[in-house]
Amino acid sequence: MGNNNFQTALDILQNIFGYDNFREQQAEIISDVIANKDCFVLIPTGGGKSLCFQIPALLREGTAIVVSPLIALMQDQVDSLKANGVRAEYYNSSLNADSAEQVLKRLHLGELDLLYVSPERLLNKTFKQQLLGLPISLFAIDEAHCISQWGHDFRPEYAQIGELRKDFASVPFIALTATADQTTRQDILHKLQLVNPQTHITSFDRPNIRYIVLEKKQPAKQLINFLEARDAEHESGIIYCLSRKRVAEVALILQNGGYKAKAYHAGLDAETRQIVQRQFIRDEINIVVATVAFGMGIDKPDVRFVVHYDLPKNIEGYYQETGRAGRDGLSSEALLLFGTQDIMTAKYFIGNITDEEQKRIETFKLSCMVDFAEAVTCRRSVLLNYFGEQHDKKCGNCDVCLNPPTFFDAKVAAQKVLSCVYRLADSNGHGFGIKYVIDILRGMDNEKIRHNQHQKISTYGIGNEFSADEWASIVRQLIHLGYLYQDIQNFSVLKLTTKAGEMLKGQIELELARPRNKATRTGKTKKISGIQKAQKEDLTDAQLDIFEELRELRKDIADSEDKPAYQIFGDASLVEMAMQLPTNDTEFLKINGVAEVKLEKYGGEFLDLLKTL
Ligand code: ADP
Ligand code: ZN
């Protein structure tokens, strides 16, 4: 953008929002919108999409119209903007007639820089007619994937937004989403009828999230251990379970353990759900145990951990849910408890799907999820590669990187498995599943084996050096490496690939990851390279005490203003305060997230408190 415009945009960033620098792509996007260009913005959750239209809204003539799918999201953004002194309102069904009229009046008087509207209101004929007569600075379509049936949150009301493009030919449109997949992307561009859109895509990586996968053994105990290690009493977190029943169970366990936890699922009445959501946002409870029904519309920036108590159905869902951690860029953890029983359950549900095509897709997606959970390479690489983003470095912030598996010469073990599969297929032409093959290797005695006369084959009992779990790990690795495949269409029996032949002939050397008997936790989150932000983990004990005091003050102020605490200041700002101990207004302004309006409103109280610490 021109130097002048850039300087003005930067001024707004610093003086209104209190941030020092633009993040990746923000300046470019803002520049395009100011230059009247349509934009398509694909930035992961927490990447800073909002400023991309909020700053142009303040720079351009007229009012910016922001379309948002959820009332809670609109309220949250408008409140945050107002807290920084920006003239923003929303217009949706939650307003009573009087308030709605007030908002429209201010719109007509040109007193609004941003107006958030629901798609229903926007498409209302009279409203649209009114807009046509007003100076509009831009249209921002937030959560733009809602326009696509391919996306995971299709909203029929979104489908007609594209019509507006023609009516407001000279106004730039900016579509924003965090949804990655190609089909949805294409669909958004097509349905919104964007004109030569400038595409802005940033990496999907969320470097501040630590991915951890634990083999699910005693999940309740594993969960409690995890929470204790994190000192989770003071932190916000979400625990996802697959069924309502499980949600209720886990919530109860946590409540009995003294945690401020509540259950959330679609079976609860709307009021209860709303209360839980509000208590979570207001830090009155710390943990929500939920089905996937919980999350959309939760913009809480300081969620410090997300636990998957059960295996998610696919990587898309997993990534979206874990992505709710650490929007503020501070270090956060995503824990997945992964058990083989969960795979069976998921397969059972897929088995009930009648549409064959759908069944095939779901099966494929599940197998990718399982691959991720079983990966012995960097988790982040697996995830990013799944979304089509090349990543082959070790991230240093996942369980595999932090605690790499050791490898062993597995040639003989592999040959034992493969020849066992070969013999079994040989004797009846059909083949058997993983468990049966392992039973044969370990020389188990059961009725099925006796019935099949398999105690007589040459590979019976040749594998006593490993436990059943260890063999299972070896077999899974052989599947991943392409020596075996599981015939999903046919009772998941194991079959040999052509590569297996070479292995059996002894032509290939092979190392496999040593099966882990016990997956170990990786300890408290430490500073991560690549994130410049001050982290809570960097605080000394004394600073941590100050942080807690600041947090209490923040909570008091938030309660008295009837707002969520993060709208006063984010955790990152408090961490900086605890480190830098500002003593006057100028120093206080230097804290990230502090600008004029907040200095004026809260500076006094915080500085007073800091003086006493
Ligand atoms: P998204 O909509 O992409 O999920 P948000 O717009 O909600 O992300 O921004 C996530 C967080 O990052 C917010 O707390 C926001 O204030 C902060 N943020 C955005 N841009 C910057 C920046 N340039 N510098 C510092 N913090 C920023
Ligand atoms: Zn890694």
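The values are calculated or read from the model by the stated rules, or taken from the named source; none is laboratory data. All values reported here derive from a predicted model rather than from experimental measurement. Methodologically, a virtual Cβ is constructed for each residue, glycine included, from the backbone with ideal geometry; neighbour enumeration extends over all protein chains shown. Just so you know, the surface numbers come from the protein's heavy atoms only, side chains and all, with ligands and any DNA or RNA stripped out. Shrake-Rupley method; radii C 1.70, N 1.55, O 1.52, S 1.80 Å.
What's the total number of residues in segment 112-151 that are more than 24 Å from the chain's Cα centre (by Cα) and of a type in the set (A, V, I, L, M, F, W, C)?
Of the residues in segment 112-151, 13 are more than 24 Å from the chain's Cα centre (by Cα) and of a type in the set (A, V, I, L, M, F, W, C).
Going by the structure shown, is F22 of a type in the set (F, W, Y), surrounded by fewer than 22 Cβ atoms within 10 Å (Cβ to Cβ) and within 10 Å of ligand 1 (Cβ to nearest atom)?
Working: of a type in the set (F, W, Y): yes; surrounded by fewer than 22 Cβ atoms within 10 Å (Cβ to Cβ): yes; within 10 Å of ligand 1 (Cβ to nearest atom): yes.
Criteria met by F22.
Is at least one residue of segment 409-418 buried (at least 17 other Cβ atoms within 10 Å of the Cβ) and touching a His at 6+ places or on another chain (Cβ under 9 Å)?
No, that holds for no residue.
Table: residues versus (1) assigned by TED's automatic domain parsing to the domain that holds E362; (2) in a helix (DSSP H, G or I); (3) under 20 Å from S367 (Cβ atoms).
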site: Q415; (1), (2), (3): no, yes, no
site: V421; (1), (2), (3): no, yes, yes
site: H451; (1), (2), (3): no, yes, no
site: Q455; (1), (2), (3): no, yes, no
site: I462; (1), (2), (3): no, no, no
site: D469; (1), (2), (3): no, yes, no
site: Q477; (1), (2), (3): no, yes, yes
site: L494; (1), (2), (3): no, no, yes
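Within the set of pairs 6+ apart or on separate chains, which have a first residue in segment 351-362 that is without any contact (Cβ under 8 Å) to a residue 40 or more places away in the chain, a second that is part of a helix (DSSP H, G or I) and surrounded by 14 or more Cβ atoms within 10 Å (Cβ to Cβ), and C-beta atoms under 8 Å apart?
G351/K359; I353/K359; I353/E362; K359/I350
State the number of residues belonging to segment 260-294 that are surrounded by fewer than 19 Cβ atoms within 10 Å (Cβ to Cβ) and under 13 Å from the mean Cα position of the chain (by Cα).
Count: 1.
Does segment 166-184 contain any residue that is open to solvent by less than 70 Å² (accessible area, probe 1.4 Å) and among the basic types (K, R)?
No, segment 166-184 contains no residue that is open to solvent by less than 70 Å² (accessible area, probe 1.4 Å) and among the basic types (K, R).
Collect the residues in segment 479-492 that are closer than 12 Å to A414 by Cβ and assigned to a helix (DSSP H, G or I), keeping them in residue-number order.
I479
Has segment 374-383 got at least one residue that is of a type in the set (S, T, Y) and within 16 Å of ligand 2 (Cβ to nearest atom)?
Looking for residues that are of a type in the set (S, T, Y) and within 16 Å of ligand 2 (Cβ to nearest atom), one finds at least one in segment 374-383, hence yes.
Starting from residues that are of a type in the set (S, T, N, Q) and part of a helix (DSSP H, G or I), keep the ones in segment 340-354 and report whichever is most open to solvent (accessible area, probe 1.4 Å).
So in segment 340-354, the residues of a type in the set (S, T, N, Q) come out as 340-341, 345, 352, 354.
Keeping just the survivors that are part of a helix (DSSP H, G or I) gives 340-341, 345.
Details: T340: 78, Q341: 125, T345: 52 Å².
Only one residue fits best here, namely Q341.
Identify, from the list I212, I201, the residue that is touching a residue at least 40 places away in the same chain (Cβ under 8 Å), among the aliphatic types (A, V, I, L, M) and open to solvent by 20 Å² or more (accessible area, probe 1.4 Å). Working first, answer last.
Details: I212 fails: open to solvent by 20 Å² or more (accessible area, probe 1.4 Å).
On inspection, the qualifying residue turns out to be I201.
Taking helices (runs of 4 or more DSSP H) that fall entirely within segment 173-292, which contain at least 3 residues that are under 30 Å from I568 (Cα atoms) and not basic (K, R)?
Details: elements: 182-192, 219-230, 244-256, 270-281.
By residue number, 219-230, 244-256, 270-281.
Identify, by number, the condition in (1) surrounded by 15 or more Cβ atoms within 10 Å (Cβ to Cβ); (2) farther than 19 Å from G326 by Cβ that L574 doesn't meet.
L574 satisfies all of (1) surrounded by 15 or more Cβ atoms within 10 Å (Cβ to Cβ); (2) farther than 19 Å from G326 by Cβ except (2).
Among the listed residues G431, G388, G396, identify the single one that is in contact (Cβ under 8 Å) with a residue 24 or more places away in the chain, part of a loop (DSSP other than H, G, I, E, B) and closer than 25 Å to I508 by Cβ.
Numbers: G388 fails: closer than 25 Å to I508 by Cβ; G396 fails: closer than 25 Å to I508 by Cβ.
When all the criteria are applied, what remains is G431.
Does at least one position in segment 81-93 carry a residue that is touching a strand residue (DSSP E or B) at 6+ places or on another chain (Cβ under 7 Å), of a type outside the set (V, I, T), in contact (Cβ under 8 Å) with a residue 60 or more places away in the chain and closer than 22 Å to A175 by Cβ?
no
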